[in-house]
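> One structure follows; several queries about it will come next.
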Amino acid sequence: MDRVRRVNGLESPYTPAQLSTWVYLPTLVLEFLFFASPLLPLAASVPCSVVFVISAAASAYYGYTAMSTDPADPRLPSQGPQHGHDHDNGHEHAPNAGLWGPNEPTKQCWLCDVQVGEKSMHCKFCNKCVDQFDHHCMWLNTCVGKANYAYFFRTMVWITVMLSIHGAIQLALVLDIYLGNGGSEMRAEDWFNADATLAVVIVMCVFIFMDLVALSLILQLLLFHVRLQKEGLSTYQFIVRDNKRKREQAQQESLLLQKRTVAMAKAGEEGRTGDYMRLRYGGLLRQSCGITCCDPLEKEQRIEADAREAGGPPVANGKGIGNGIGNGHHNVPVRPSKGENEESKEAEENT
């Protein structure tokens with residue numbers, strides 16, 4: 001039986017992260033309006049409440065819009081047969097046939113059985129190709145792509161504002177209770193009709209802690225996406241690039257280990273104890289502490305890196321400790337990579 005294609009984040013199955021936001025954010029609003037705001041002086045309570053409610057409403061609006069927007073590739077056929085056996089390359093029955101140009105580059109999605117945009121990716125959670133796929137957001141329970149990325153980003157901005165206001169007001173009230181002239185304490189007693197100072201402080205400290213945790217998470221995500229926008233990358237492209245960098249780094253470390261082993265063996269055979277010790281302990285410092293200045297092979301690594309960046313083959317000058325100990329006869333050949341197009345395969349492995 002074919003899996004049903006999810007349209008947006010308002011469709012089941014719902015994720016625990018999504019459900020937690022439906023509880024947490026309204027709780028923040030209620031706590032602020034009926035617990036924190038009444039303890040503020042009237043001159044501060046009204047403007048702070050207005051700004052907080054605006055930020056909360058904006059967060060809810062943009063979050064709902066991001067969840068309810070379908071980011072699917074417009075070339076996908078309308079809901080019905082999920083694998084498109086009754087359509088011609090997804091164009092004949094696509095509901096949004098006018099949203100792309102006929103000369104735009106495409107690729108084949110073997111799961112959707114349709115030609116989709118070059119930057120589209122198939123999401124295994126939503127079972128559909130997403131136009132200019134960025135990532136699948138577990139908090140919104142939907143894919144983020146071209147159609148809803150702006151709403152997703154604005155949601156992060158307004159939630160950051162909301163949490164900042166909420167946490168700052170709570171902290172100011174706690175400090176005023178203990179360091180102020182007693183105004184906040186008196187207003188707390190009047191509002192709750194009891195001496196509830198200790199309970200008020202405990203509740204506010206709990207919410208301050210939750211605000212700090214939530215802010216640390218949302219700020220990391222917000223700054224990460226600001227960085228991605230500056231670099232012109234999507235989250236998916238960043239992950240693929242980062243994985244490629246890690247593979248290349250692992251390959252270089254493996255090559256360096258081979259060169260070190262050969263150079264140490266050569267130094268031991270020729271009785272050059274000083275070179276042997278420099279190679280051994282330079283490698284230990286590099287591996288355990290990340291210190292490369294004491295590694296005799298570091299200069300050769302830099303020369304080879306510069307040669308690669310220049311587009312030429314690795315240069316062996318024959319004068320380094322690692323280059324055959326001066327005669328160039330013990331250079332270790334570079335092992336072939338997993339494939340020149342591995343990053344392309346990884347980028348399309350879900351498509």
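> Using alpha carbon coordinates only, what is the Rg to Rh ratio of the stretch 138-274, with Rh defined as the Kirkwood radius?
Numbers: Rg = 27.4 Å, Rh = 20.5 Å.
Rg/Rh: 1.34.
> Sticking with this one: Where Rh is the Kirkwood radius over the Cα pairs of the stretch 227-279, the temperature 20 °C and the viscosity 1.002 mPa s, what D in µm²/s does Stokes-Einstein return?
Working: Rh = 13.8 Å.
Estimated via Stokes-Einstein, D reaches 156 µm²/s.
> Here's something else I'd like to know. Roughly how many Å² of Glu270 are accessible to a 1.4 Å probe, to the nearest 10?
Using a 1.4 Å probe on the heavy atoms, I get roughly 90 Å².
> Moving on to the next point. From the protein chains alone at 1.4 Å, what is the descending order of accessible area for Lys246, Lys128, Lys230, Lys299, largest first?
Listed by decreasing accessible area, they come as Lys230, Lys299, Lys246, Lys128.
> Mark the label point 7 Å from the Cα of Ala150 along Cα→Cβ and return the residues of the stretch 119-137 whose backbone N is within less than 11 Å of it.
It comes to no residues whatsoever.
> As a test question: what accessible area, to the nearest 10 Å², does Trp22 have when a 1.4 Å probe is rolled over all protein chains in place?
Rounded to the nearest 10, the figure is 110 Å².
> Quick one: accessible area per residue over the stretch 154-224, 1.4 Å probe, rounded to a whole number of Å²?
55
> Report Rg (one decimal) and Dmax (nearest whole number) for the stretch 207-312, counting Cα atoms only, units Å.
Cα only, the stretch 207-312: 20.9, 69 Å (Rg, Dmax).
> I would also like to ask the following. Which sequence of His136, His122 reflects their accessible areas, 1.4 Å probe, from the largest down? Mind dumping the intermediate values first?
Numbers: His136 45, His122 10 Å².
My answer, sorted largest first, is His136, His122.
The values are calculated or read from the model by the stated rules, or taken from the named source; none is laboratory data. The structure presented is a predicted model; accordingly, all values stated were derived computationally and were not measured. Glycine gets a Cβ as well: all are built from the backbone with ideal geometry, and neighbour counts include every protein chain shown. SASA here: full protein model, heavy atoms, side chains in, ligands and nucleic acids out. Shrake-Rupley method; radii C 1.70, N 1.55, O 1.52, S 1.80 Å.
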